[in-house]
């Protein structure tokens, strides 16, 4: 969206009281997210998302339990930082809220393919195993799919 169209949309939304409050809240959340991204270590920032600001309490969604634990440890420092930025913050609540992954993002690396040497070694191993061996069945399945 071009900056000119974005400005026109912002003006239109600000004309209505309900949209003006919503627009103001969205802008505050955007500012809080910007500060959070700038404050957190690079490995932690992508897993933390400002969800809400209500009655002075900031709600942060963490992508995992590990991120949530670290955010809870950093909460006093983050609260102080938000206050120094001019935000009226009384506390921080951290919730684990994993992001949904689509099928295309769930598997980023292509499946491994067995090389010719590996297939040959596994085939000779299978030949030496008993017919009713669970290991033989597993290796045959691997060779069939790989």
Given a Förster distance of 41 Å, the FRET efficiency implied by the Cβ-Cβ spacing of residue 120 and residue 64, rounded to the nearest 0.05, works out to 0.50
tail above 17 Å in the computed P(r) of segment 36-85, as % of all Cα-Cα pairs, reads 28 percent
Here, segment 8-100 modelled as identical Cα point scatterers in vacuum has Debye log10 I(q)/I(0) at q = 0.12, 0.25 Å⁻¹ of -0.40, -1.25
Here the FRET efficiency for residue 55 versus residue 99, based on Cβ atoms and R0 = 25 Å and rounded to 0.05, is 0.45
Under the 7 Å Cα-to-Cβ spin-label approximation, residue 129 and residue 113 lie apart by a distance in nanometres of 2.4 nm
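Remind me, relative contact order of segment 8-100 in percent, using alpha carbon pairs under 8 angstrom and six or more residues apart? Each step should come with its number before you reach the end.
Working: 103 pairs, mean separation 22.3, N = 93.
Taking the mean separation of contacting Cα pairs over the length of segment 8-100, I get 24 percent.
Read the figures in this text as sums done on the coordinates, not as results from a lab. Only a predicted model underlies this, so the values are computations on that prediction, with no experimental measurement involved. Glycine also receives a Cβ, built like all others from the backbone with ideal geometry; neighbour counts cover every protein chain displayed.
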